[in-house]
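Step one of this worksheet: look at the structure below.
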């Protein structure tokens, strides 16, 4: 239970094979910063395949586990139903918003948090209003701008996001925290920033870092390794592949790495990503939340869009010459060659996207 006289905060967030790990990881970053301010933190997470419940618990947080349920719309459906059309990502929840709210209500009524922080594409105003009596304030973390919210703060760390993207989706009283200046990065990225930017002065390609998210269910990593084997690269280049511990294709990628023309190392579950990015000359990754990590460190990057919600991020970053994009293996070597000839320009542009201090700004808003 929570202690008296301390700010009580609950996070509602999930990870799964389908959802990925990024939502949980950025919530943990914010949770760590809030705990350092003295807040008491708990999590509400559903037990999907590929969840990170044990990982969150390993960080010494209490996790209230929600079982995966069958979809049964019986009961108080009129109380929960706002008439909204079904959400694009509704199937990510593993149940209905009605049932999820009922399960969360049991926990939240006991905890009565000062802040409920929700990071879930499957939840909208329907869920938020239903639980309004169980919390004092609500913060929503989003990237989509595609559904109604009843919240006090909305955070969207998408680069170049505008107020007009959300003003029709939130109440007039809602405080909008928009853009990569609010990107939720762990402190080590801001700490490594100066060192990383200094080493970008030398234009070279000796170390390539591949990070396709914590899950990579379609094994895009394998496609990239196959493509990179055909690229014209220095013979002494080192390729480092970082995957999540729950990634389903990690064993096949390790086998593939042994057959590469270039020295290729595969790691999983690392806790020094800022250091690995600092030591890399080129980053290859998905257009998700790790984009802001690479930008903070000025790492020139090739991006691949893994999901629909990553398209806007990729488009905005490409237009500002922050990244280069590739859509398939045939484009990969050409884009890698072009990026290699413009490393310093892309590094400089990337470094201007975010300074890595977004979590400090968000914590200030919550405490104000």
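The values are calculated or read from the model by the stated rules, or taken from the named source; none is laboratory data. What you are looking at is a predicted structure, and each value in this text was computed from that prediction instead of being measured. Cβ placement follows ideal geometry from the backbone for every residue including glycine, while neighbour counts extend to all protein chains displayed.
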Exercise. So, in segment 62-95, of the ones that are modelled with pLDDT of 50 or more, part of a helix (DSSP H, G or I) and in contact with a helix residue (DSSP H, G or I) (Cβ under 9 Å, 6 or more places away or on another chain), which residue ends up surrounded by the fewest Cβ atoms within 10 Å (Cβ to Cβ)?
Worked result: 90
Problem set entry | Neighbours by Cβ (under 6 Å, 6+ apart or cross-chain): first from segment 148-166, in the same structural domain as residue 312 (by TED's automatic domain parsing); second surrounded by 21 or more Cβ atoms within 10 Å (Cβ to Cβ) | none
Seminar exercise, completed: Considering residues that are exposed (fewer than 13 other Cβ atoms within 10 Å of the Cβ), assigned to a helix (DSSP H, G or I) and in contact with a helix residue (DSSP H, G or I) (Cβ under 9 Å, 6 or more places away or on another chain), the number found within segment 320-346 is 1
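So is residue 317 buried (at least 16 other Cβ atoms within 10 Å of the Cβ), within 17 Å of the chain's Cα centre (by Cα) and assigned by TED's automatic domain parsing to the domain that holds residue 234 or not?
Yes: the conditions hold for residue 317.
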For this session: Answer yes or no as to whether residue 145 is part of a loop (DSSP other than H, G, I, E, B), touching a strand residue (DSSP E or B) at 6+ places or on another chain (Cβ under 8 Å) and either at pLDDT below 90 or closer than 30 Å to residue 291 by Cα (or both).
Result: yes
Seminar exercise, completed: Subset of segment 331-361, residues over 30 Å from residue 191 (Cβ atoms) and touching a residue at least 24 places away in the same chain (Cβ under 8 Å), comes to 332, 333, 335, 337
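Every residue, every condition in (1) surrounded by 19 or more Cβ atoms within 10 Å (Cβ to Cβ); (2) assigned to a strand (DSSP E or B); (3) in contact with a strand residue (DSSP E or B) (Cβ under 9 Å, 6 or more places away or on another chain), yes or no:
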| position | (1), (2), (3) |
| --- | --- |
| 104 | yes, no, yes |
| 118 | yes, yes, yes |
| 123 | yes, no, yes |
| 127 | yes, no, yes |
| 133 | no, no, no |
| 139 | yes, yes, yes |
| 151 | yes, no, yes |
| 159 | yes, no, no |
Exercise. Could we say that residue 364 is without any contact (Cβ under 8 Å) to a residue 40 or more places away in the chain, within 30 Å of residue 41 (Cβ to Cβ) and part of a helix (DSSP H, G or I) here?
Worked result: yes
Exercise. Taking segment 293-311 on its own, how many of its residues are surrounded by fewer than 20 Cβ atoms within 10 Å (Cβ to Cβ) and either part of a helix (DSSP H, G or I) or at pLDDT below 90 (or both)?
Worked result: 4
